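Below is one structure, written out as C-alpha cells; the observations come after it.
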Amino acid sequence: MPPPLTPRRHQAALRAQEAVRCRCIPHRTLAPEDIHSLAGADVSYTGSCACAAVVVASFPDLAPIECATAVTIIRFPYAPGFFAFREGPALLKAFHSLTTRPDIAMLNGHGYAHPRRIGLATHIGVLLDLPTVGVAGRPLVGTFREPGPDPGATEPLVFEGEQIGLALRTRTASRPIILSAGHRTDLALAEEIVAATLRGGRMPLPLLEAHRCAAALRAAVVHGR
DNA sequence: GCGACAG
DNA sequence: ATCTTGTCGC
C-alpha cells in the first residue's frame, strides 16, 4: 500500500501542481488538420502497482500504429484532485517508451476541469510538452444541466462561475462524459477530437483501447506473482 | 460538522 | 480502480 497523504505531502503536492500549472499553455497550438496521430492513455491497478497503457493510432481513421505499456509501484494514495501523482509515473514511463511521438493525446481523467485547473491530462501534457485533452466519466467539480437525450447533445460544466469543461452525451441512455482542455489545447479542440474518435461507445475508441490494454497488462502482472 | 470526491 | 455471475437489452 502507498504511504498516506500526510499534511506534509499534501502541501508539497499542492506546490508541485501550482508549479506545473504555471507552465501550462492554455490554448491550441495545432490545428485539427495538423493532427495525423493520436494517443489514448489509461491506467489499471493491482493494489500495489499502476499498469499504464498508451495506444497510438492514425487520425482520423484510427488505424493502430503503436502501443506502449509500463508498470510502477504505486507511491501515492488515491486522492481526488491528485491523480497525476498516483498515475503520472506509470503514464510517463509508458509515453517515454513510445517509438513515435503522437500529435495529441487524450487521457482518462480531467484536464482544466479540476479544482485548481491542473488535472491529470494537463499535468501530463505539461511534463511531456504534448497537446492533451481530458476525458472523464463524471465531473470532479462543477455542475451541468442534463444534456439532451440524443448523441451529440452538450451542456457546459461550470465551476466558480466559469465554464471549465463540457458534458457530452455520446450515447442515448448513457450518462454524459466530461471533456476539458489539457495542455496546448482548448475545449473546442477537445470536443472536435472526441467527436471524431467516437465509434458507438460511451467513451472515444482510443480510450477504450487503452483501457483494455491496461486491463490486459494488469491481468498479466497479477498472473505473474 | 457532514457529505462529496476523476481513477 | 477492484472484489464478482449472471443477465437484460440493442
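When the Gaussian network model of chain A links Cα atoms closer than 10 Å, the mean-square fluctuations of A:Asp61, A:Asp129, A:Asp103 top out at A:Asp61.
Sorted largest first, the spans of the alpha carbon positions of region A:21-165 along the three principal axes are 40, 39, 33 Å.
About its Cα centre, region A:97-225 has a charge dipole of approximately 600 debye under the convention of +1 per Lys or Arg Cβ and -1 per Asp or Glu Cβ, with nothing else charged. So for chain A, taking the charge dipole from beta-carbon charges (+1 Lys/Arg, -1 Asp/Glu), which of A:Thr154, A:Leu198, A:Thr143 sits furthest toward the positive end? Selected residue: A:Thr143. Computed on the Cα atoms alone, the convex hull of region A:100-200 gives a volume of 87 cubic angstrom per residue.
Shape analysis of region A:1-73 places it in the oblate category; the axes a ≥ b ≥ c from the Cα gyration tensor give an a/c of at least 1.5, with a/b not above b/c.
Accessible area per residue for chain A, computed on protein heavy atoms with a 1.4 Å probe, is 45 Å². At a 1.4 Å probe, what is the % contribution of carbon and sulfur to the accessible area of chain A? After summing per-atom areas, the C and S share lands at 57 percent. Here is the list for region A:1-92: chymotrypsin sites (Phe, Trp or Tyr not before Pro) lying in DSSP coil, each with at most 15 other C-beta atoms within 10 angstrom of its C-beta, are A:Tyr78. Take each peptide in A:51-60, A:216-225, A:163-172, A:177-186, count the other Cβ atoms within 10 Å of every residue, and average; sorted highest first, the result is A:177-186, A:51-60, A:163-172, A:216-225. Toward the positive end of the charge dipole of chain A, with +1 on the Cβ of Lys and Arg and -1 on the Cβ of Asp and Glu, the farthest Cα among A:Gly47, A:Ala121, A:Val20 is that of A:Gly47.
Cα gyration tensor of region A:27-67, axes a ≥ b ≥ c as square roots of the eigenvalues: rounded (a/c below 1.5), prolate (a/b > b/c) or oblate? It comes out oblate by the Cα gyration axes.
The values are calculated or read from the model by the stated rules, or taken from the named source; none is laboratory data. Since the structure is predicted, the reported quantities are computational estimates derived from the model, not experimental observations. In this analysis, Cβ positions are derived from the backbone assuming ideal geometry, glycine residues included, and neighbour counts consider all displayed protein chains. Ligands, DNA and RNA are excluded from the accessible area calculation, which covers all protein heavy atoms including side chains. Shrake-Rupley method; radii C 1.70, N 1.55, O 1.52, S 1.80 Å.
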